[in-house]
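Notes to accompany the following structure.
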Amino acid sequence: MAKMDNKKFMVCCANGAGSSLMMKMTLQKVLTKLDIKPATIHHCSLSEGKTASQNYDVVLCARNFANMFDDAKKKGTVVIGLKNIMSAPEMEQAMKDADLLD
């Protein structure tokens, strides 16, 4: 079992409509490639994400929004800021850099 199996992922964008949905699809591709079976992947707006982030294991967002999740970081949530939120290679590398992958 991969160490990221059954983890809860959240992806956030400014409004929670278009970009976060595409980011969710990119994350699903990355996790499938790595044979990781998440408990859930939720996409939402930043305003919802700031409130809900502490209930997730991993939060992914644009790099310039990452500091909005400092409270969640303090409680153990891994926050990953991405330069290109649609880039599967960047997403995978960021997860490696955060020591999330086996």
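Values quoted throughout were computed directly from the atomic coordinates according to the rules given, and no laboratory measurement underlies them. This one's a predicted model, so the numbers in the text were calculated from it and none came from an experiment. No Cβ is skipped: glycine too gets one built from the backbone with ideal geometry, and neighbour counts run over all protein chains shown.
Which of the helices (runs of 4 or more DSSP H) contained wholly in segment 4-94 include at least 2 residues that are buried (at least 16 other Cβ atoms within 10 Å of the Cβ) and touching a residue at least 40 places away in the same chain (Cβ under 8 Å)?
Result: 18-33.
Tell me, yes or no, whether segment 69-77 has at least one residue that is out of contact with any strand residue (DSSP E or B) (no Cβ under 6 Å at 6 or more places or on another chain) and of a type in the set (A, V, I, L, M, F, W, C).
yes
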